[in-house]
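Read the figures in this text as sums done on the coordinates, not as results from a lab. Note that the coordinates shown come from a computational prediction; the quantities given were computed from them, not determined experimentally. Cβ placement follows ideal geometry from the backbone for every residue including glycine, while neighbour counts extend to all protein chains displayed.
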Amino acid sequence: MALTATIYNLDTELAHVDRGVYATFRLKLARQPSETLEYMLTRYLAYCLEHTEGITLTEGIAAGAEPAVLVRDLTGRVTAWIEVGAPDAQRLHRGSKLAGRAAVYTHRNVAQVLTELDGKGIHRASEIPVYEFGRGFIDAVAAVVPRRAAVTVSITERHLYLDLDGRSFDTAVVEHHFA
């Protein structure tokens with residue numbers, strides 16, 4: 001018998017002060033059996049940090065050729081390709097060519113991710129930001145995240161504040177680049 005996805009319902013209140021984005025939404029995330037909780041949380045936070053009209057979460061690990069998060073304009077054209085974790089260089093190259101912009105959010109060792117991507121011939125590589133959360137932040141949130149939660153996400157001056165059912169966490173979101 002095949003394992004099924006675990007569903008997480010996150011009622012989110014977002015205040016991204018740096019970008020002037022304020023929204024309230026309910027996200028239903030399907031965590032695939034092969035997907036770590038840390039990957040799913042990074043995908044969720046990438047969605048929040050990139051939130052804009054036309055943004056969608058894909059099926060994560062099960063999305064095949066799609067990234068973790070996509071943004072499409074009203075015509076259906078992909079305008080942002082957002083990868084999570086340690087993406088394959090070819091996928092990132094394809095996404096960078098296809099979309100108006102690409103980005104990576106990682107819960108992994110950022111030095112290793114940058115080393116793996118450096119020099120791989122990725123389209124507009126120097127323009128692709130790789131965002132890192134503070135050491136231990138994702139692990140701390142993963143240790144307590146319930147399947148249903150009220151979440152407040154605030155971002156100001158590239159610092160992320162997260163309240164998860166009354167538990168508070170915070171971290172800097174550091175931008176890196178590779179060539």
Suppose a student asked you for the relative contact order of segment 1-146, using Cα pairs under 8 Å spaced at least 6 residues apart; what percent would you report? 17
What relative contact order, as a whole-number percentage, does segment 86-179 give when Cα pairs under 8 Å and 6 or more residues apart are counted? 29
Full-extension gain between residue 3 and residue 24, please, as 0.36 nm times their residue separation minus the C-alpha to C-alpha distance. 4.4 nm
Go through segment 42-48 residue by residue and turn each phi into a ³J(HN,Hα) via Karplus (6.51, -1.76, 1.60, θ = phi - 60°); whole Hz please, and just put x for glycine and proline. 5, 4, 4, 5, 4, 4, 5
Neighbours of residue 34 by Cβ distance under 14 Å: Lys/Arg at +1, Asp/Glu at -1, summed charge -1
Net charge of Cβ neighbours under 12 Å - reference residue 45; Lys, Arg +1; Asp, Glu -1: -2
Candidates per GluC sites (Glu not before Pro) in segment 82-169, loop by DSSP, up to 12 other Cβ within 10 Å: 157
At R0 = 45 Å the Cβ-Cβ FRET efficiency linking residue 139 and residue 74, nearest 0.05, sits at 0.70
Using mean Cβ contacts within 10 Å as the protection proxy, how do 161-169, 89-97 order, highest first? 89-97, 161-169
Can you sort 105, 131 so the residue with the fewest Cβ neighbours within 10 Å comes first? 131, 105
Full-extension gain in nm, residue 147 to residue 91, via 0.36 nm per residue minus C-alpha separation: 17.1 nm
Which whole-Hz couplings ³J(HN,Hα) result when phi for each residue of segment 17-33 is put into the Karplus expression 6.51 cos²θ - 1.76 cosθ + 1.60, θ = phi - 60°, listed in order with x for Gly and Pro? 4, 4, 9, x, 10, 10, 7, 10, 7, 10, 10, 10, 9, 9, 8, 5, x
Under the Karplus curve 6.51 cos²θ - 1.76 cosθ + 1.60, θ = phi - 60°, whole-Hz ³J(HN,Hα) for segment 96-113, x wherever Gly or Pro sits: 5, 6, 6, 9, x, 8, 9, 7, 10, 10, 10, 9, 9, 5, 5, 4, 5, 4
Any residue on another chain or 5+ positions along whose placed amide H is under 5 Å from the amide H of residue 59 is listed here as none
